[in-house]
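Inspection log for the structure reproduced underneath, given as C-alpha cells.
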Amino acid sequence: MAESTAAGRFSVVGGGVAGLVVARRLAASGAAVTVFEASDRLGGTVARHDVGGIALDAGAESFAVRGGVVAALLAELGLADDIVAPAPGPAWLQPVIGDAVPLPATALLGIPSDPLADDVVRVIGRPAAEQAVELDARPLGAMPSTLGALVRERYGDEMLDLLVAPVVHGVHSQHPDDLPVARAHPGLADALASAGSLGGAVAQLRAAA
C-alpha cells in the first residue's frame with residue numbers, strides 16, 4: 001500500500017516484492033519514499049530457509065516468461081545474469097501419502113484433462129480416477145464459486161485432496177476451497193461452459209496456452 005504524505009513524498013507499507021517495486025518506481029520518478037516493514041527483512045514471502053542443512057527457496061521460486069515483464073525488470077536491476085533456467089524434465093509432486101511422483105503432464109493446477117491417465121492414477125488410484133470420469137460426464141450445473149468446490153463436484157474428493165490441493169497450495173498458498181475460480185484461472189469458467197466437462201476445459205486451456 002502506498003500513501004501520499006505530502007506532494008512528492010510517499011510511504012510504502014510492506015517491504016515485500018510488490019512494495020519494493022512500487023517504492024522503486026516512485027523513487028525513479030523523483031519522489032521521496034519511505035518503506036515500512038514489520039519484520040526484520042525485506043522480500044516478503046520470497047526468502048531462503050534451511051531444511052536439513054539444504055538451502056531451499058520459500059515463496060515464489062520461479063516466474064512466468066510470457067510477456068517478458070519480470071525478465072525486463074531483472075535486467076533493469078542488473079540481475080539478468082543471475083537467472084537460472086530450470087532443468088529439463090517433469091515437475092514433481094509430493095502427495096499427501098506416499099512417495100514423490102512426476103506431476104501429471106496434462107494438468108492445469110493439478111487438474112488433469114484425463115483422469116484415467118497413468119500418471120494421474122499413480123497419484124489417486126484407479127477407483128478415484130474412474131469416479132472422476134463418471135462425475136465429469138454429468139450435465140453442468142451452476143458454476144461453483146471456488147476451485148475446490150468445482151473439482152470436488154466434477155472429479156471427487158480424492159482428486160481434490162491428493163492431487164489438486166497440493167499443487168494449488170504451492171502456487172497460490174491457499175486451499176482450493178478458498179480460491180475463487182476466476183482467480184485460479186480467468187478462462188476456466190468459459191472453457192468449462194464451452195467444453196461441457198472439466199477434463200475438456202483443461203484440455204482446451206492447455207491447447208490454447
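The values are calculated or read from the model by the stated rules, or taken from the named source; none is laboratory data. As the structure is a computational prediction, the values presented were derived from the model and not from experiment. Because the Cβ atoms are built from the backbone with ideal geometry, glycine has one as well, and the counts that use them run over all protein chains shown. With ligands, DNA and RNA removed, areas are computed over all heavy atoms of the protein, side chains included. Shrake-Rupley method; radii C 1.70, N 1.55, O 1.52, S 1.80 Å.
Computed quantities for the displayed model
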item	result
Within the range 127-209, helices (runs of 4 or more DSSP H) holding 1 or more residues that are loosely packed, with under 15 Cβ neighbours inside 10 Å and not β-branched (Val, Ile, Thr)	165-172, 181-184, 188-195, 198-208
Residue match in the range 98-106 (condition: touching a residue at least 60 places away in the same chain (Cβ under 8 Å) and either in contact with a strand residue (DSSP E or B) (Cβ under 9 Å, 6 or more places away or on another chain) or open to solvent by 80 Å² or more (accessible area, probe 1.4 Å) (or both))	yes
Residue match in the range 26-43 (condition: polar (S, T, N, Q), under 27 Å from Pro176 (Cβ atoms) and out of contact with any His (no Cβ under 7 Å at 6 or more places or on another chain))	no
Subset of the range 107-126 [without any contact (Cβ under 8 Å) to a residue 40 or more places away in the chain, of a type in the set (A, V, I, L, M) and in a loop (DSSP other than H, G, I, E, B)]	Leu116, Ala117
Candidates Val70, Val22, Val65, filtered to the one that is under 18 Å from the mean Cα position of the chain (by Cα) and outside any loop (DSSP other than H, G, I, E, B)	Val70
Scope the range 24-44; condition open to solvent by less than 50 Å² (accessible area, probe 1.4 Å) and either among the hydroxyl-bearing types (Ser, Thr, Tyr) or closer than 20 Å to Leu74 by Cα (or both); matching residues	Leu26, Gly43, Gly44
Search result, residues across the range 97-106 that are touching a Leu at 6+ places or on another chain (Cβ under 7 Å) and not in a loop (DSSP other than H, G, I, E, B)	Val101
Index of the failed condition, Trp92 passing every other in (1) at pLDDT 95 or above; (2) open to solvent by 70 Å² or more (accessible area, probe 1.4 Å)	(1)
Selection count, the range 43-58, where residues are within 21 Å of Gly19 (Cβ to Cβ), assigned to a loop (DSSP other than H, G, I, E, B) and free of Cβ contacts under 8 Å to residues at least 40 places away in the same chain	2
Asp81, sole failed condition from (1) modelled with pLDDT of 85 or more; (2) open to solvent by 70 Å² or more (accessible area, probe 1.4 Å); (3) within 26 Å of Gln174 (Cα to Cα)	(3)
Boolean, Ala72 is free of Cβ contacts under 8 Å to residues at least 60 places away in the same chain, exposed (fewer than 14 other Cβ atoms within 10 Å of the Cβ) and in contact with a strand residue (DSSP E or B) (Cβ under 6 Å, 6 or more places away or on another chain)	no
